[in-house]
């Protein structure tokens, strides 16, 4: 998902490992953020303006309800705002906002989310070196998080640390047989075009795509 232009329409996906964690407003924000990514991929500025208005309406409701009843709104509110900024193509702003959330991250899960998001957004800005410290922070909080591991492996690969990238991809290959077609790993391999390109240079990642095909994933 690399592109040095923060206003690039390059599409991505927003996922959660457990939809039950989301409040109604958070679920709506996630859905509209995914719509924003799709609209940006089509370069449809008129529809993007409509999506942007709805997202800002949802953020206003989220702020007014102090995080829609979230247990820790000091973290949740900047986290959701950063999600919207990122979906609208403002990755630099999203990093600054997520950094505020990270200061208030009081559980390993919240550290994983915020540090992982910052790492992924630095990758989108083409700044892989700056992504790595945040990847390592997220990895320490969540050693088996698929999005975190894929972000880190990609950052390692882009910075020429290929042995470290291969080690991370290999760790995912070890857990892949326990996962299915509805897993985060299958979703990322299906939708992230860069990973498929990197598979030509990584034996472990190439094997992950063999696994994806074996469970009926996209070719």
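Derivation of every value follows stated rules applied to the coordinates shown; laboratory data play no part. Not measured: the values here are computed from a predicted model. Virtual Cβ from ideal backbone geometry, glycine too; neighbours counted across all protein chains shown.
Annotations for the structure displayed:
- Between the helical axis of 45-64 and the longest alpha-carbon principal axis of the chain there is an angle of about 70 degrees.
- Cα gyration tensor category, rounded, prolate or oblate, for the stretch 65-108 with a/c compared to 1.5: oblate
- The stretch 71-153 shape via C-alpha gyration tensor axes, a/c threshold 1.5: oblate
- Under the simplified labelling scheme, the residue 44-residue 163 pair shows an inter-label distance of 4.9 nm, with each label point 7 Å from Cα along Cα→Cβ.
- Radius of gyration, Dmax [the stretch 130-218; alpha carbons; angstrom]: 12.1, 35
- The stretch between residue 170 and residue 190, if pulled fully straight at 0.36 nm per residue, gains 5.4 nm over its current Cα-Cα span.
- Sequence of 166, 54 once ranked by neighbouring C-beta atoms within 10 Å, starting from the fewest: 54, 166
- Degrees, to the nearest 10: 91-103 long Cα axis against longest axis of the chain: 80
- Pairwise centroid distance, computed over Cα atoms, of the stretch 107-124 with the stretch 25-44, Å: 19
- In terms of other Cβ atoms within 10 Å, 30, 178 run from fewest to most in the order 178, 30.
- Given their separation in residues at 0.36 nm each and the Cα-Cα distance between them, residue 53 and residue 71 gain 3.8 nm when the chain is fully extended.
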